[in-house]
1. Over what distance in Å are the Cα centres of the range 176-214 and the range 9-62 separated?
2. Cut-off is 10 Å between beta-carbons; in what order do 134, 254 appear when sorted fewest neighbours first?
3. Report, by chain and number, residues whose modeled amide H sits under 5 Å from the one on residue 182, excluding near sequence neighbours (fewer than 5 apart, same chain).
4. Amide H to amide H, which residues 5 or more places from residue 450 or on other chains are under 5 Å from it, using H placed in the peptide plane?
5. Ranked from highest to lowest mean number of other Cβ atoms within 10 Å per residue, what is the order of the peptides 275-281, 143-149, 92-98, 391-397?
6. Using θ = phi - 60° and the Karplus curve 6.51 cos²θ - 1.76 cosθ + 1.60, what whole-Hz ³J(HN,Hα) does each residue of the range 204-214 get, with Gly and Pro shown as x?
7. Cα centroid distance between the range 316-340 and the range 373-425, in Å?
8. Can you tell me what share of the DSSP beta bridges in the range 236-424 is antiparallel? A percent to the nearest 5 is fine.
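Each value in this text was obtained by applying a stated rule to the coordinates, not by laboratory testing. The model shown is predicted, which means the values in this text are computed figures rather than measured ones. Using ideal geometry, Cβ is built from the backbone for each residue, glycine included, and neighbour counts are taken over all protein chains shown.
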Amino acid sequence: MSEYKVVNPANGETVKEYPTATDDQIKDALERNHKEYASWKTTPVEQRVEILRKVAAIYRERSEELAKIIQTEMGKVIPAGQGEVEISARIYEYYADNAKAFIEEEKLRGANDGDAYLLRKPTGSILGIMPWNFPYYQVARFAAPNLALGNTILLKHAPQCPWSAEVMEQIFQEAGLPADAYINIYATNEQVADVILPDPRNQGVSLTGSERAGKAVAAEAGKNLKKVVLELGGSDPYVVLDTPDVAKTADLLFNTRMGNMGQACNSPKRMIVMEDIYDDFVSSITKAAKDIAVDNPWEDPGKLAPLSSTGAKERFSEQVKATVAEGATLLAGGEDYDGPGAWVRPVVLTDVKKGSRGYYEELFGPAFMVFKVSSEEEAIELANDTPFGLGSAIFSSDSSRAEKVGAQIDSGMVYINTPEETREYLPFGGVKRSGIGRELGPFAMDEFANKQLFFKKNA
């Protein structure tokens, strides 16, 4: 039985199944991808990026269709799915507009007896391992810069997203990309470890996913001396130092956390609030969570979406129950829906104890953990007391105060007076156990580039 199947999380029904690739099929895909690299890397960058521009146009033309596919695969509501399609299109356009400038030779300072400069060149066939939570966007931020650079791609998507994976490959071909420059493969984790990464035709791997998956892939990449980029989990702190309107700020953070039903690595996992506004903030968050938790979500679609799978629901529920058992106070949610699918109620937790599951683990679902602090120093200490270091956000009516606190947060990204958001030009990535490397912005084109040094000595 194949591990690649579409199971609608709203009702648990299997919609489609796809056969897992054989070892021979994987080897054939790798060979074709490798051979195509010889041609694709010499294709003028102007021609490469025009294909990306066509990809963006097709995404927009097929926006509703693409959104319906991922709604069936992982539960995302149609408007959110269309929003994901749009940001994906903007990413392809961004590299179409800027790739040529990003790879222009870079003169190096310091040489006084000649000229020193860098050329950014492609390296070959790159493997992408993508997650289910943003099926189009995650592929776009990996594929767009690498195809623009001249690399070729093997793409292993999440087993629950084979349909969107299939359609993306078709879109690339419709846009004019050579068929072997981007190959979708329904590979197993074992095939990644045993077939692809040991093969010298593979030049690196980029994974977006869980910490567990990242450790496994990084170990295999290291063993085979392959470059790796890892975009992993987060437990992002949102620090509210002060606000003229507590209810409005609470509503903003509530809606941010509910995006994708809390299944985003840069979602506000820990809300750290000053004690003078803490009670009002908790009251507002709790009310919002209770108001959105309809009794029969499968009969009243629109307010809630299911989690991505029944497995995701079970993991989330187990984490919440363990955190409560370890001393946290449950103010909303926690009860299972008596019906089909992967539906959960939003959860509000306070008094989360240091060392508990919720304190150190990433809760991948609509869980609102609120912490009370009495000083900036306490807020900074709590914000940094995590094995993760992806993003953060600081809120204050005094922006200089927010910036001062933000500068002391150990994270790859800091946002001031706004929730974290994705924009095609903003580099994305973290520190500590949140990963290695950056995607989006100009840095994405450096990750799998040969930054080739040229030095010409004066005669």
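1. 12
2. Lowest to highest Cβ neighbour count: 254, 134.
3. For residue 182, whose amide H was placed from the backbone, the distant partners under 5 Å are 153.
4. Under 5 Å from the amide H of residue 450 lie the amide H atoms of 121, 123, each far enough along the sequence or on another chain.
5. With the highest mean Cβ count within 10 Å placed first, the list reads 143-149, 391-397, 92-98, 275-281.
6. With the stated coefficients, the range 204-214 comes to x, 9, 10, 10, 10, x, 6, 4, 4, 5, x Hz.
7. 28
8. So the antiparallel bridges amount to about 15 percent of the total.
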